[in-house]
1. Taking the stated definitions as given, is Ala212 among the aliphatic types (A, V, I, L, M), in a helix (DSSP H, G or I) and over 12 Å from Ala201 (Cα atoms)?
2. Can you say whether Val159 is buried (at least 18 other Cβ atoms within 10 Å of the Cβ), more than 17 Å from Ala19 (Cα to Cα), within 14 Å of ligand 1 (Cβ to nearest atom) and of a type in the set (Val, Ile, Thr), as far as the supplied structure shows?
3. Here are the criteria: (1) without any contact (Cβ under 8 Å) to a residue 24 or more places away in the chain; (2) within 14 Å of ligand 1 (Cβ to nearest atom). Tell me which single one Ser133 does not satisfy.
4. Out of all the residues in region 61-88, which are farther than 17 Å from Ala23 by Cα, touching a residue at least 12 places away in the same chain (Cβ under 8 Å) and part of a helix (DSSP H, G or I)?
5. Could you list, in sequence order, the residues of region 48-66 that are out of contact with any Leu (no Cβ under 9 Å at 6 or more places or on another chain) and either open to solvent by less than 20 Å² (accessible area, probe 1.4 Å) or more than 14 Å from Val228 (Cβ to Cβ) (or both)?
6. Between a residue in region 94-116 that is within 20 Å of Val80 (Cα to Cα) and open to solvent by less than 70 Å² (accessible area, probe 1.4 Å) and any residue that is among the aliphatic types (A, V, I, L, M) and in a loop (DSSP other than H, G, I, E, B), which pairs come within a Cβ distance under 6 Å, given they are 6 or more apart or on different chains?
7. So, in region 171-202, of the ones that are within 13 Å of ligand 1 (Cβ to nearest atom) and in a loop (DSSP other than H, G, I, E, B), which residue ends up farthest from Leu257 (Cα to Cα)?
8. What are the residues in region 162-186 that are within 15 Å of ligand 2 (Cβ to nearest atom) and open to solvent by less than 20 Å² (accessible area, probe 1.4 Å), if any?
Amino acid sequence: MPGGGSVKLGGGNPLVVMAGVCAVDADYTRASHEMAKRAGADINRGGAFKPRTSPYDFQGLKEDGLKVLCEAREAVGLPVVSEILDVRDIDLFMKYDVDILQTGTRNAQNFELLIEVGKTLKPVLYKRGFSNSIDESLKAANYIMEQGNENLIFCLRGVKGIGHSFRNQGDLDEIVSLAQTIDRPIVYDVSHSTGRKSGVARVGGMAAAGGADGLLVDVHVSPQHALVDGFQAIDSEEELRRMIDTWRGLRELGQALH
Ligand code: PEP
Ligand code: MN
């Protein structure tokens, strides 16, 4: 069962919450991941390599970031998911034994990367391309599974639409369709789809009720110090706990709509 460590993702299992910093930083990652765990998260997310639209923006702490992320993992005790951008970094991700490899929306059709990531046989959180149809993304994800890797997790995160008030146009209804057509766990990235802290709770609830097996959420104990995307990070343990508890209940309720 994919999910990293002993976490059970998909099927009749409870909602899995992957929560953590958008970009790993030296000062707040551990505290943020501890907070996420106390609130009920199952997995910590944290980017050491950041795919940025502009080359002048912060690109991630890179190997130092993986080190911080995995040191925090020792303290917190949850598996971690982190994005890999380049085939040349596969050995690094294996060296730090990152539990789940994430491939990002910008690499959704980087077939060479998908092949190499597939070959590791690690669970892979594959994100739909923000300008790709579902069919294109499913075909691309097959490059991972064709390597004998059955641990694919398919992640929706919104797409570039024709006019929407959130960061991306939500693709929530695809959860319902995918659940009927693929045999892999489906995760919804509620932070990158909405891009707004105040959108996370309810859109996460919609995804959970709609059948998502997991949710990806940005959290940070001090969003004003976050290196990337602090504006969309949940910073209150109380709020996060309430969200996670409610989301879990909604997933259960949603199963009656099957
Ligand atoms: C992320 O999860 O940090 C990220 C960059 O996501 P996406 O590839 O969906 O933009
Ligand atoms: Mn981000």
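The values are calculated or read from the model by the stated rules, or taken from the named source; none is laboratory data. Note that the coordinates shown come from a computational prediction; the quantities given were computed from them, not determined experimentally. No Cβ is skipped: glycine too gets one built from the backbone with ideal geometry, and neighbour counts run over all protein chains shown. Protein only, heavy atoms only, side chains kept; ligands, DNA and RNA dropped before computing areas. Shrake-Rupley method; radii C 1.70, N 1.55, O 1.52, S 1.80 Å.
1. no
2. yes
3. For Ser133, the exception is condition (2).
4. Ala75, Val76, Val87
5. Hits for region 48-66 are Pro55, Asp64, Gly65.
6. Every condition considered, the pairs that remain are Leu101/Ile84.
7. So, considering only residues that are within 13 Å of ligand 1 (Cβ to nearest atom) and in a loop (DSSP other than H, G, I, E, B), the one farthest from Leu257 (Cα to Cα) is Gly195.
8. Asn168, the sole residue that qualifies.
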